Amino acid sequence: MPFPFFRPKDSFITCRDRNDGGGAQISARISTMICAKLKGLTYAHSPLADVAHVPAGTHSEDWSSRWEQFFNLGAGEINAAEIEARGYLVKHVVKPHRFLPCSRRLHVVAHCHKVTDHHPAAWAAIAPELREKYRLSAKPALPGYDDGHVQIAVHLRRGDVGSSGQFSERFTADDIVLSRVRRVLQAVGPELATVRLFSQGTPQDFRAFSELGVHLHLDDDVFATFQHFVQSDLLFVAKSTFSYLGGVIGGNVCIGEPFWHPSLPGWIRPEELDRPDLAMLLKERARSGPLTA
């Protein structure tokens, strides 16, 4: 709900001037969309630009455009460039959690997570809108989702994340994830589930998962991977904005890692995997199909 004590007129907010990964830029824009709703502003969209991790042989502008067209966050939104063209003053906001918006301004932020991380219900509330935008463009066709099994996607961060060094706080050990997967398979029945692991590395690095019957998807196309996250019945969300967004947009059953972004209402905490209704919950979702279908 907008703050009742101050309603600025013709006041806009946009997210831009970033150069990090696509998932982080999408998440930052969604946090800005939520902040606009909370503060009574109008969200103005700035298309993604300068997205990091450009694949070899791909032009940087084409890479940014692919991310923009995949999520379609600007669909139905006014473009920030139009607001500037009207002559509105631009105000750069360093701390969105501590500012009061002004009338006839375009407020520019890098993200609004310090606002929206306190409002997990607002993430859940905007999810249907995000799904409608996501559906506007073609998505990779994924085989193997029509066999009647409970489709399980596991995101395990590797590559730039290790057990020590930079980003080690985002690392989850193999044995922890294996234990959680085994508990889910016990609840569902191994013969009724298809489990896919998404990570980076070599098959030898994930031998224990293969021995459990998990299908390995290593260093796959980023957009196909995201569609797997969205289309799965159950998603193991890593300490990652990327799989977090997959759970938000997909509306699937999610097992959420403790992370700086809050789990959405209804997401399952790892310690809740012994809940007696887990099998019923997963099998019911498999019958209903993914929300983005």
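Residues that are within 23 Å of the chain's Cα centre (by Cα) number at least 3 in the following helices (runs of 4 or more DSSP H) confined to segment 1-102: 22-39, 60-71.
Cβ separations smaller than 6 Å between residues 6+ apart or across chains give the following pairs from segment 89-108 residues that are in the same structural domain as SER31 (by TED's automatic domain parsing) and in contact (Cβ under 8 Å) with a residue 40 or more places away in the chain to residues that are surrounded by 11 or more Cβ atoms within 10 Å (Cβ to Cβ) and basic (Lys, Arg): PRO101/LYS39; ARG105/LYS91; HIS107/LYS91. Determine whether LEU38 is touching a residue at least 40 places away in the same chain (Cβ under 8 Å), outside the structural domain of VAL230 (by TED's automatic domain parsing) and either at positive phi or surrounded by fewer than 19 Cβ atoms within 10 Å (Cβ to Cβ) (or both). Answer is yes for this residue. Of all residues in segment 82-92, at least one satisfies being acidic (Asp, Glu) and within 14 Å of ASP10 (Cβ to Cβ). Do we have any residue at all in segment 60-73 that's among the polar types (S, T, N, Q), surrounded by 13 or more Cβ atoms within 10 Å (Cβ to Cβ) and touching a strand residue (DSSP E or B) at 6+ places or on another chain (Cβ under 9 Å)? No, segment 60-73 has no match at all. Please verify whether LYS133 is in a loop (DSSP other than H, G, I, E, B), among the charged types (D, E, K, R) and at pLDDT 95 or above, treating the condition exactly as stated. It is false that LYS133 is in a loop (DSSP other than H, G, I, E, B), among the charged types (D, E, K, R) and at pLDDT 95 or above.
Yes or no, residue by residue, for (1) touching a residue at least 12 places away in the same chain (Cβ under 8 Å); (2) within 15 Å of GLN151 (Cα to Cα); (3) touching a His at 6+ places or on another chain (Cβ under 9 Å):
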residue: VAL177; (1), (2), (3): yes, no, no
residue: VAL181; (1), (2), (3): yes, yes, no
residue: VAL195; (1), (2), (3): yes, yes, yes
residue: GLN200; (1), (2), (3): yes, no, no
residue: PRO203; (1), (2), (3): yes, no, no
residue: HIS228; (1), (2), (3): yes, yes, yes
residue: GLN231; (1), (2), (3): yes, yes, no
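It is to be established whether one or more residues within segment 101-118 are out of contact with any strand residue (DSSP E or B) (no Cβ under 9 Å at 6 or more places or on another chain), surrounded by fewer than 15 Cβ atoms within 10 Å (Cβ to Cβ) and hydrophobic (A, V, I, L, M, F, W, C). Checked against the condition, which is being out of contact with any strand residue (DSSP E or B) (no Cβ under 9 Å at 6 or more places or on another chain), surrounded by fewer than 15 Cβ atoms within 10 Å (Cβ to Cβ) and hydrophobic (A, V, I, L, M, F, W, C), segment 101-118 yields no hits at all.
Screening THR194, THR172 for residues that are surrounded by 14 or more Cβ atoms within 10 Å (Cβ to Cβ), of a type in the set (Ser, Thr, Tyr) and at pLDDT 90 or above leaves exactly one candidate, THR194.
Considering ALA52, ALA85, ALA80, ALA24, the condition of being surrounded by 22 or more Cβ atoms within 10 Å (Cβ to Cβ), in the same structural domain as HIS107 (by TED's automatic domain parsing) and of a type in the set (A, V, I, L, M, F, W, C) is satisfied by ALA80 alone. Take the conditions (1) at pLDDT below 95; (2) within 24 Å of ILE249 (Cα to Cα); (3) not hydroxyl-bearing (Ser, Thr, Tyr); ALA110 misses just one of them, which is (1). Just a yes or no: is a residue in segment 227-234 more than 17 Å from GLY22 (Cα to Cα), modelled with pLDDT under 95 and aliphatic (A, V, I, L, M)? Yes - at least one qualifying residue is present in segment 227-234.
The helices (runs of 4 or more DSSP H) falling completely within segment 197-272 that include 3 or more residues that are surrounded by 15 or more Cβ atoms within 10 Å (Cβ to Cβ) and not aliphatic (A, V, I, L, M) map to 222-231, 241-250.
The values are calculated or read from the model by the stated rules, or taken from the named source; none is laboratory data. Being a predicted model, the structure only gives us computed values, none of them experimental. Note: ideal-geometry Cβ built from the backbone for every residue, glycine included; neighbour counts use all protein chains shown.
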